[in-house]
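S.K.: Below: one structure in structure tokens.
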Amino acid sequence: MAESSVAGAVREDRLWQRHADMAKLGGTPKGGVNRQALSAEDAAARNLLGTWAKTRGFATFTDAIGNLFVRREGTDAKAQPVLSGSHMDSQPTGGRFDGMYGVLAAFEALEALEDAGVKTRRPVMAVAWTNEEGSRFQPGAMGSAVFAGHNKLDEMLQAKDWKGVVLKDALAETLKAAPAPRHEGPPGFPLDFYVEAHIEQGPRLENEKKTIGVVTAIQGSRRYIVSTTGEEAHAGTTPRAARKDAFRAALQIATAMYEATNDGGDTLRFTIGRVDVSPGSPNTVPGKAVFTIDMRHPDEAVLEAHEAKLAAIVAARAAPCSAGIERVTAVAPTIFDPRVIDLVRTKANALKLANMDMPSGAGHDAMHIARLCPTGMIFVPCERGVSHNEAENATPQDLAAGARVLAEVLAELANR
Ligand code: GLV
Ligand code: MN
Ligand code: MN
């Protein structure tokens, strides 16, 4: 059957409806979602995807870190699969499309192949990677990192959320609530190609009136936790000179860090996204403060140089408290495979979709899988580039356009 029948079988209404159905799971009053990794809402999303897969006769299975796979068989059962997907977990105040689009676009591609009656030599699989966001459990992109062998399963199972819940327990509960056949052994199996669709999460496509972003690279990223320790004391009686105020030390450190990471050109991204002060009482001088740092840049050497600066600031600015900085994640910049980049561009052009090459500012599971097999990504616009925000929005037309490109790319790769 002609390739164009695959793109033609992508159904905009079905894809849009699936987003609406998923958005109910963890839906917030402001129209976003709170579906954090390994929560009850995450389990509900897994079950819904599983139900849809079953209806279409696709097999599903999970691995030991909870990555959920959907498999459409090829004619050669022994051939390595072509994989596509993203994540279903969200930020605490997340949008309906970050991650979920990549999973639903991959599932739509499987359905389009099925509806068009297209047989492929290789199996085509969709995946929902566990804990991409890394907002509840650190580090993020965990499922794909374990799959690729970059993070150790045993260590990840011991990760704790901010309330002290151990990941292993949350995972067991999730898989109990959303049962699926188990892929035995450690996570990971050979892949032929991986392609991930995602909303851009920035404004470039919209500003330049393009429908498809042909993603060439992902900038490198590092995350840290900074802790300051002082001494709890009475807020009314303790003179300034006698205080060891852990929040004040954190503030001094943070202020110096904002200055040290201002690179003039606005390429280096530096974010303090979470601050915990304890004991958290208005009339006790804080004895402990903990804050997170997310730092990104396309050049690994720049990240390395700034890591040294951050460490020096922690050492110099904590007095009279003590302080430490711990690196939680380091992911090097990713350059995608030219074969996938070219194929995405070729298919977008064939479908007459305005497109442009662009790097990704956000991190994605594709950055880990790119070290396993030839990998690429497809971006579609999102309104005003707003993401990690409940107001995140995209049009049904753009989502379907990206799914058409994806379906064509997967169909071609699966027949190589
Ligand atoms: C993923 O959400 C990221 O933080 O880039
Ligand atoms: Mn995402
Ligand atoms: Mn995200």
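S.K.: Regarding VAL10, is this residue within 16 Å of LEU110 (Cα to Cα) and of a type in the set (A, V, I, L, M, F, W, C)?
M.R.: Working: within 16 Å of LEU110 (Cα to Cα): yes; of a type in the set (A, V, I, L, M, F, W, C): yes.
The answer is yes for VAL10.
S.K.: Mind listing whichever residues of segment 354-412 are farther than 22 Å from HIS150 by Cα and among the β-branched types (Val, Ile, Thr)?
M.R.: To start, the set of residues in segment 354-412 that are farther than 22 Å from HIS150 by Cα comprises 354-359, 378-412.
Answer for segment 354-412, where residues must be farther than 22 Å from HIS150 by Cα and among the β-branched types (Val, Ile, Thr): ILE378, VAL380, VAL386, THR395, VAL405, VAL409.
S.K.: Considering only residues that are assigned to a strand (DSSP E or B) and either over 25 Å from the mean Cα position of the chain (by Cα) or on the phi > 0 side of the Ramachandran plot (or both), look in segment 303-343 and name the one that is surrounded by the most Cβ atoms within 10 Å (Cβ to Cβ). Spell out the reasoning first.
M.R.: First, the residues of segment 303-343 that are assigned to a strand (DSSP E or B): 322-331, 334-335.
Still in the running and either over 25 Å from the mean Cα position of the chain (by Cα) or on the phi > 0 side of the Ramachandran plot (or both): 322-324.
Working: SER322: 14, ALA323: 22, GLY324: 13.
Across segment 303-343, the extreme among qualifying residues is ALA323.
S.K.: Report the residue count in segment 97-121 for those that are surrounded by 24 or more Cβ atoms within 10 Å (Cβ to Cβ), part of a loop (DSSP other than H, G, I, E, B) and either of a type in the set (D, E, K, R) or away from ligand 3 (no atom under 11 Å from the Cβ) (or both).
M.R.: Residues flagged as surrounded by 24 or more Cβ atoms within 10 Å (Cβ to Cβ), part of a loop (DSSP other than H, G, I, E, B) and either of a type in the set (D, E, K, R) or away from ligand 3 (no atom under 11 Å from the Cβ) (or both) within segment 97-121 amount to 1.
S.K.: Of all residues in segment 344-395, which are crowded, with 24+ Cβ neighbours inside 10 Å and among the acidic types (Asp, Glu)?
M.R.: ASP365, GLU392
S.K.: Right, another one. Got a sec? Which of ILE313, ILE225, ILE272 is among the hydrophobic types (A, V, I, L, M, F, W, C), outside the structural domain of VAL146 (by TED's automatic domain parsing) and closer than 26 Å to LYS152 by Cβ? Lay out the reasoning, then the answer.
M.R.: Numbers: ILE313 fails: closer than 26 Å to LYS152 by Cβ; ILE272 fails: closer than 26 Å to LYS152 by Cβ.
The match here is ILE225.
S.K.: Let me ask something additional. Kindly check whether there is at least one residue in segment 59-70 that is more than 16 Å from ligand 3 (Cβ to nearest atom), part of a loop (DSSP other than H, G, I, E, B) and surrounded by fewer than 18 Cβ atoms within 10 Å (Cβ to Cβ).
M.R.: Of all residues in segment 59-70, those more than 16 Å from ligand 3 (Cβ to nearest atom) come to 59-70.
Restricting the remaining residues to those that are part of a loop (DSSP other than H, G, I, E, B) gives 63-67.
Still in the running and surrounded by fewer than 18 Cβ atoms within 10 Å (Cβ to Cβ): none.
No, there is no match, as no residue in segment 59-70 is more than 16 Å from ligand 3 (Cβ to nearest atom), part of a loop (DSSP other than H, G, I, E, B) and surrounded by fewer than 18 Cβ atoms within 10 Å (Cβ to Cβ).
S.K.: All but one of (1) of a type in the set (Phe, Trp, Tyr); (2) within 14 Å of PRO286 (Cα to Cα); (3) within 16 Å of ligand 1 (Cβ to nearest atom) hold for TYR224; state the number of the condition that does not hold.
M.R.: Of everything listed in (1) of a type in the set (Phe, Trp, Tyr); (2) within 14 Å of PRO286 (Cα to Cα); (3) within 16 Å of ligand 1 (Cβ to nearest atom), TYR224 misses just condition (2).
S.K.: Scan segment 397-416 and give yes if some residue there is of a type in the set (A, V, I, L, M, F, W, C), closer than 21 Å to GLU132 by Cα and not in a helix (DSSP H, G or I), otherwise no.
M.R.: There is no residue in segment 397-416 that is of a type in the set (A, V, I, L, M, F, W, C), closer than 21 Å to GLU132 by Cα and not in a helix (DSSP H, G or I).
The values are calculated or read from the model by the stated rules, or taken from the named source; none is laboratory data. Note that the structure is a prediction, hence the values are computed from the model and not measured. In this analysis, Cβ positions are derived from the backbone assuming ideal geometry, glycine residues included, and neighbour counts consider all displayed protein chains.
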